[in-house]
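Participant: Got a structure here, written out as structure tokens. Questions coming.
The values are calculated or read from the model by the stated rules, or taken from the named source; none is laboratory data. Every value quoted in this text rests on a predicted model; they were computed, and no experiment measured them. Positions of Cβ are backbone-derived with ideal geometry, glycine not excepted, and every protein chain shown enters the neighbour counts.
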Amino acid sequence: MPLTEIVRRNTTRSVRFRGMDLLNNPALNKGTAFTEAERETFRLHGLLPPIVESLDEQCVRAYEAFSLKPNDLERHIYLRQLQDTNEVLFYRVLLDYIDEMLPVVYTPVVALGCQEFSHIYRRPRGLFISYPLRDSIPALLRNHPNPEVDVIVVTDGERILGIGDQGVGGLGIPIGKLALYTLIGGIHPARTLPIVLDVGTNNEDRLRDPEYLGWRHSRINGPDYDEFINAFVMAVKGVLPRTILQWEDFAGTHARPILNRYRDQLLTFNDDIQGTAAVALAAILAGIRIAGTSLREQQIVFFGAGAASMGVAEYLRGALIAEGLSAEEARSHIWMVNRGGLLHSGRTDLTPEQQLYAQPWSRVAGWLRPENDTIGLSEVIHKIHVTILIGLSTVANSFTEPMVREMARKVERPIIFPLSNPTDHTEAHPADLLRWTEGRALVATGSPFAPVSVGGRTIPVSQCNNVYIFPAVGLGVIASRPFPDSVGAARITDGMMIAAARKLAEHSPALKDPSAPLLPVLKEIRRVAIEIAFAVASEAQQSGVAPSLDSNSASLRSRILASQWSPAYPTYLPVSI
Ligand code: NAI
């Protein structure tokens, strides 16, 4: 389809529904914004109040209704209902009030939405693929509600944010993530598909809840789980072969094996591993530039050695190697601490992946205190010159004042990222970090925090959230296709994710203004997404993952812009039957 046609379809649209069928279709409904002519053509007269409103006027009312809701859960429910009623208005409200809306539609409030999923359930959205129906997965997938799908986000609900197993309630996460694909990446909402793989739950509260909507069974695991996942992936390859498949909030034990098994088979990535890694790398690269140092001068400590930490460490190791360090030298800059203390070669409880980051026992043996049989975070911070401290542990307040002061004693601009979600799992509050370091720390968090006043300055706190990466990666992959339904990038590579990270780092506002945040403000995020998408698609073309379509950058850029959906009402034309 030529580009002009795509643009034209964004401004006028042929519609075959009439009357209540049109008003009940969230993708088409304009509510009070249907014009007189449309009301006439589509038999809407009498079904709507007589006043015709603009989208701006509708936004005012929607925001007023949102503001009247008494608590976060009610605000979340309101937005989900708006999404199920009028998608254009939903996305327009999200865009206009992005700072206020993002935490409600996504983290941290979506955690509540997942916990309460079975109680706040109203209308179907996405697909439930339940283990008892494992023999009909292709048929379930073929029931996807819209004809074309560019992006699937799938979860099995086992490790939702920092709140653990939510069973089928985990569907709130793919729904939220896909809303962000549209909001930020401009992916057409009708081309997204949230999926929950309902493999049971080990959450006793859910199993006991009479209203629980999922399969009331303990989680399947082992070969049964693997076979189920495999059947799902094969069905995606068969039914939706050109679709991006994003894995979200799987337990650490499953996340990496699934990624490794399928990353070379289809267009897939794991957001908790690769998305987190890319955004953290971007924030680190930005922080290092602001601190006026180089990557090879850093000693990086991870608190938590789970799926997310492993992903960040892998990209960091890659970046260190790209700076000329050997693999061994790169490893020596990375320290990891988990429940069993510092990862070192004397430990027998490490996974093969964790062993890669085990410090040689000979290097750390002397650090063991007689009263302890592990080397804790505090010891590590006292023994080495830590320049970067990253929390991906889910352990609230684990970055203590003595630890942070010790770090700040040795480093002019300590880079400290408490990344655990939701808010009450954060390893430290930004206000404390900045107070303990006299405002010198470069801070990014997992959950949103208000700006911090310190020493007469107000310092905005960046949320180091994958949202900076995945919608833009999706946009870049989609734009790597010559036409909407043709073949583009065949895989999502680490090279593409790292290209996204480097581009995001270049857009750090703090590079120009020391009082600005480390990562772009949300109001800028849609604009920055275009630049990141450009970097991703260029990398895909240069590395041969996508067809080389563009003789100049202008053609790629115009395809990216043309791929973006914006929340505006097209004019409807009747389909002549
Ligand atoms: P995980 O369960 O795979 O790993 C958690 C790690 O923390 C494990 O290594 C565990 O041993 C360690 N840990 C737990 N309790 C500890 C303790 N008391 N002392 C020392 N270590 C301890 O979880 P995953 O997927 O790595 O996620 C961790 C956190 O990161 C979650 O809160 C999640 O919400 C957050 N996260 C944040 C992202 C962001 O963009 N900001 C993205 C992905 C995850």
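Participant: Would you check if Ser480 is of a type in the set (S, T, N, Q), more than 16 Å from the ligand (Cβ to nearest atom) and either within 30 Å of Tyr181 (Cα to Cα) or surrounded by 23 or more Cβ atoms within 10 Å (Cβ to Cβ) (or both)?
Facilitator: When the stated conditions are applied, Ser480 passes them.
Participant: Only one of these is assigned to a loop (DSSP other than H, G, I, E, B) and under 21 Å from the mean Cα position of the chain (by Cα): Ala282, Ala305. Name it.
Facilitator: Criteria check complete, one pass: Ala305.
Conditions tested, residue by residue: (1) surrounded by 20 or more Cβ atoms within 10 Å (Cβ to Cβ); (2) under 22 Å from Glu248 (Cα atoms); (3) within 14 Å of the ligand (Cβ to nearest atom).
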position: Phe269; (1), (2), (3): yes, yes, yes
position: Gln274; (1), (2), (3): yes, yes, yes
position: Ala277; (1), (2), (3): yes, yes, yes
position: Gln298; (1), (2), (3): yes, no, no
position: Phe302; (1), (2), (3): yes, yes, yes
position: Ala322; (1), (2), (3): no, no, no
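Participant: Further question: Select from the stretch 381-399 the residues that are free of Cβ contacts under 8 Å to residues at least 60 places away in the same chain and more than 13 Å from the ligand (Cβ to nearest atom) and list them in ascending order.
Facilitator: His382, Lys383
Participant: Give just the number: which of (1) in contact with a strand residue (DSSP E or B) (Cβ under 6 Å, 6 or more places away or on another chain); (2) of a type outside the set (Gly, Ala, Ser); (3) not in a helix (DSSP H, G or I) does Glu38 not satisfy?
Facilitator: Result: Glu38 fails condition (3) only.
Participant: Look through Ala529, Ala501, Ala540, Ala505 and report the one residue that is more than 30 Å from Arg43 (Cβ to Cβ) and in contact with a Ser or Thr (Cβ under 9 Å, 6 or more places away or on another chain). Show your work before the answer.
Facilitator: Numbers: Ala529 fails: in contact with a Ser or Thr (Cβ under 9 Å, 6 or more places away or on another chain); Ala501 fails: in contact with a Ser or Thr (Cβ under 9 Å, 6 or more places away or on another chain); Ala505 fails: in contact with a Ser or Thr (Cβ under 9 Å, 6 or more places away or on another chain).
Going through Ala529, Ala501, Ala540, Ala505 in turn, just one is more than 30 Å from Arg43 (Cβ to Cβ) and in contact with a Ser or Thr (Cβ under 9 Å, 6 or more places away or on another chain): Ala540.
Participant: Another question, if that's okay. How many of the residues in the stretch 99-119 are farther than 19 Å from Trp215 by Cβ and either of a type in the set (Gly, Ala, Ser) or crowded, with 18+ Cβ neighbours inside 10 Å (or both)?
Facilitator: Just the residues of the stretch 99-119 that are farther than 19 Å from Trp215 by Cβ, to begin with: 99-113.
Now narrow it down to the ones that are either of a type in the set (Gly, Ala, Ser) or crowded, with 18+ Cβ neighbours inside 10 Å (or both): 101-113.
So the answer is 13.
Participant: Another question, if that's okay. Looking at Pro402, Pro370, Pro418, Pro422 in this structure, which one is more than 13 Å from the ligand (Cβ to nearest atom) and either buried (at least 22 other Cβ atoms within 10 Å of the Cβ) or touching a residue at least 24 places away in the same chain (Cβ under 8 Å) (or both)?
Facilitator: Pro402
Participant: Which one is surrounded by the fewest Cβ atoms within 10 Å (Cβ to Cβ) among residues in the stretch 499-517 that are hydrophobic (A, V, I, L, M, F, W, C) and at pLDDT 95 or above?
Facilitator: By that ranking, first place goes to Ala505.
Participant: Output the residues belonging to the stretch 181-234 that are among the β-branched types (Val, Ile, Thr) and assigned to a strand (DSSP E or B).
Facilitator: Just the residues of the stretch 181-234 that are among the β-branched types (Val, Ile, Thr), to begin with: 182, 184, 187, 192, 195-196, 199, 201, 220, 229, 233.
Residues satisfying the conditions are Thr192, Ile195, Val196.
Participant: So which of Ala330, Ala358, Ala307 is free of Cβ contacts under 8 Å to residues at least 40 places away in the same chain and within 16 Å of the ligand (Cβ to nearest atom)?
Facilitator: Details: Ala330 fails: within 16 Å of the ligand (Cβ to nearest atom); Ala307 fails: free of Cβ contacts under 8 Å to residues at least 40 places away in the same chain.
Testing whether each residue is free of Cβ contacts under 8 Å to residues at least 40 places away in the same chain and within 16 Å of the ligand (Cβ to nearest atom) leaves just Ala358.
Participant: Ok, one more. Of the residues that make up the stretch 134-145, is at least one farther than 20 Å from Met234 by Cβ and in contact with a helix residue (DSSP H, G or I) (Cβ under 7 Å, 6 or more places away or on another chain)? If you could, list the steps in order and put the result at the bottom.
Facilitator: Within the stretch 134-145, the first condition is being farther than 20 Å from Met234 by Cβ, and the residues that meet it are 145.
With in contact with a helix residue (DSSP H, G or I) (Cβ under 7 Å, 6 or more places away or on another chain) added as a condition, the list becomes none.
Taking every residue of the stretch 134-145 in turn, none turns out to be farther than 20 Å from Met234 by Cβ and in contact with a helix residue (DSSP H, G or I) (Cβ under 7 Å, 6 or more places away or on another chain).
Participant: Pull up the stretch 425-465, narrow it to residues that are charged (D, E, K, R) and surrounded by fewer than 23 Cβ atoms within 10 Å (Cβ to Cβ), then point me to the one that is nearest to the ligand (Cβ to nearest atom).
Facilitator: Filtering the stretch 425-465 for residues that are charged (D, E, K, R) and surrounded by fewer than 23 Cβ atoms within 10 Å (Cβ to Cβ), the one nearest to the ligand (Cβ to nearest atom) comes out as Asp432.
Participant: If Trp436 satisfies all but one of (1) within 20 Å of the chain's Cα centre (by Cα); (2) more than 20 Å from Tyr181 (Cβ to Cβ), what's the number of the condition it fails?
Facilitator: Unmet for Trp436, out of (1) within 20 Å of the chain's Cα centre (by Cα); (2) more than 20 Å from Tyr181 (Cβ to Cβ): (1).
Participant: Further question: For the stretch 120-134, what are the residues that are exposed (fewer than 15 other Cβ atoms within 10 Å of the Cβ), under 23 Å from Ser218 (Cα atoms) and touching a residue at least 24 places away in the same chain (Cβ under 8 Å)? I'd like the intermediate steps shown before the answer.
Facilitator: Initial filter on the stretch 120-134 (exposed (fewer than 15 other Cβ atoms within 10 Å of the Cβ)): 122-124, 132-133.
Those still in the list that are under 23 Å from Ser218 (Cα atoms) too: 132-133.
Result: Pro132, single match.
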